[in-house]
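The values are calculated or read from the model by the stated rules, or taken from the named source; none is laboratory data. Note that the structure is predicted; figures quoted are calculated from it, not measured. Cβ placement follows ideal geometry from the backbone for every residue including glycine, while neighbour counts extend to all protein chains displayed. Areas reflect the complete protein model, heavy atoms only, side chains present, ligands, DNA and RNA absent. Shrake-Rupley method; radii C 1.70, N 1.55, O 1.52, S 1.80 Å.
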Amino acid sequence: MTSLNSHGLRFAFGTLTVLPVRVTRWDRATARAGMLCAPLAGLVVGLLAAALGSLSLLAGPGPLLAAVASVAVPAALTRGLHLDGLADTADGLGSGKPTEDALRIMKQSDIGPFGVITLLLVLLAQVAVLFELYGQGWAHGALGAVVAAVAARLALTLASRQGVPAARPEGLGATVAATVPAGRALLAVVATVALCAAAGALLGPYAALRHALAVLGALAAAELLLRHCVRRFGGVTGDVFGGVEETAATAALVVLTLGT
């Protein structure tokens, strides 16, 4: 079990980040452990995004540059993989083509108009929200960046649960699809929500509730996209996972601004 957990951590960081981690096992058991560890990868990405954003704010340029920095870090640490998946998913969904044709469109290397528009709006939304949070102070912006990154990777854990099929027999989507038992996914949700609420409590009791709701809101938005993609494509792909991740990150940030 210890060996599997170690390989699972390697799988999570090796597939979800560009950090120099070597993936030494590539099987269903490792994929299950890796997707359960996905929120930990999100925590590291979020902490690095928060660090750069906070340093930018404290250096004096203002909250806008801090927001851009915090959005840039996750993109850089994934080589834009999740953003590319979001764009491809938008192109597939927006094409109006039959399933096989839509999947073929998603595999193409170029990005169509639906993808471009979706990327633009999502990145603008993320920067706008973090601008508001950093405007309240570095701690608000930093914690927002961390919670969004963790919630986004937790959405990948849920998207990998048993009962969610793969749309193709090959690729990363097929490797991780339906690997995580529903009970373990639920435990991951409960633990993550509790930890994010505890972190939010550092900013006040109302902030604790808001950060817990941010995670739940992120998962709800991601679940809506996931179910639509399963109906539309017959299952999940690596691109769908990217779309789910970015949707969750954006939704978490938006919820954090509600009532502020």
Looking only at the stretch 88-130, which residues are in contact (Cβ under 8 Å) with a residue 60 or more places away in the chain, over 18 Å from G238 (Cα atoms) and open to solvent by 40 Å² or more (accessible area, probe 1.4 Å)? A128
Restricting attention to the stretch 41-67, which residues are free of Cβ contacts under 8 Å to residues at least 60 places away in the same chain and of a type in the set (A, V, I, L, M, F, W, C)? V44, L48, L52, L55, A59, L65
Look through the stretch 23-53, keep the residues that are at pLDDT below 85 and not hydrophobic (A, V, I, L, M, F, W, C), and return whichever of them is surrounded by the most Cβ atoms within 10 Å (Cβ to Cβ). R25
Collect the residues in the stretch 3-22 that are basic (K, R) and modelled with pLDDT under 90, keeping them in residue-number order. R22
Filtering the stretch 151-174 down to residues that are hydrophobic (A, V, I, L, M, F, W, C) and open to solvent by less than 20 Å² (accessible area, probe 1.4 Å), which residue is farthest from A38 (Cα to Cα)? V164
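Given the criterion assigned to a helix (DSSP H, G or I), touching a residue at least 40 places away in the same chain (Cβ under 8 Å) and either open to solvent by 30 Å² or more (accessible area, probe 1.4 Å) or in contact with a strand residue (DSSP E or B) (Cβ under 9 Å, 6 or more places away or on another chain) (or both), identify the matching residue among A139, A148. Spell out how you get there, then give the answer.
Working: A148 fails: either open to solvent by 30 Å² or more (accessible area, probe 1.4 Å) or in contact with a strand residue (DSSP E or B) (Cβ under 9 Å, 6 or more places away or on another chain) (or both).
Within the list A139, A148, the selection yields A139.
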Can you pull out the residues in the stretch 1-12 that are within 20 Å of V240 (Cα to Cα) and either more than 15 Å from the chain's Cα centre (by Cα) or open to solvent by 30 Å² or more (accessible area, probe 1.4 Å) (or both)? F11
Number of the exception - A72 against (1) among the hydrophobic types (A, V, I, L, M, F, W, C); (2) in contact (Cβ under 8 Å) with a residue 40 or more places away in the chain; (3) under 13 Å from A149 (Cα atoms): (2)
Determine which single condition A177 fails, assuming it passes every other condition in (1) in contact with a helix residue (DSSP H, G or I) (Cβ under 7 Å, 6 or more places away or on another chain); (2) closer than 23 Å to L16 by Cα; (3) surrounded by 24 or more Cβ atoms within 10 Å (Cβ to Cβ); (4) of a type in the set (A, V, I, L, M, F, W, C). (1)
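Got at least one residue in the stretch 12-22 being in contact with a Lys or Arg (Cβ under 7 Å, 6 or more places away or on another chain), over 21 Å from V189 (Cα atoms) and not β-branched (V, I, T)? So that I can check it myself, show each step before the final result.
Just the residues of the stretch 12-22 that are in contact with a Lys or Arg (Cβ under 7 Å, 6 or more places away or on another chain), to begin with: 14, 16, 18, 21-22.
Keeping just the survivors that are over 21 Å from V189 (Cα atoms) gives 14, 18, 21-22.
Then keep just the ones that are not β-branched (V, I, T); that gives 14, 22.
The answer is yes, given that some residue of the stretch 12-22 is in contact with a Lys or Arg (Cβ under 7 Å, 6 or more places away or on another chain), over 21 Å from V189 (Cα atoms) and not β-branched (V, I, T).
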Sole exception among (1) hydrophobic (A, V, I, L, M, F, W, C); (2) modelled with pLDDT under 95; (3) more than 20 Å from V176 (Cα to Cα) for A72, by number: (2)
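Table: residues versus (1) out of contact with any Lys or Arg (no Cβ under 7 Å at 6 or more places or on another chain); (2) surrounded by fewer than 24 Cβ atoms within 10 Å (Cβ to Cβ); (3) aromatic (F, W, Y); (4) closer than 28 Å to A87 by Cβ.
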{"residue": "A194", "(1), (2), (3), (4)": "yes, yes, no, no"}
{"residue": "G204", "(1), (2), (3), (4)": "yes, yes, no, no"}
{"residue": "R210", "(1), (2), (3), (4)": "yes, yes, no, no"}
{"residue": "A214", "(1), (2), (3), (4)": "yes, no, no, yes"}
{"residue": "A221", "(1), (2), (3), (4)": "yes, yes, no, yes"}
{"residue": "G234", "(1), (2), (3), (4)": "yes, yes, no, yes"}
{"residue": "T237", "(1), (2), (3), (4)": "no, no, no, yes"}
{"residue": "G242", "(1), (2), (3), (4)": "yes, no, no, yes"}
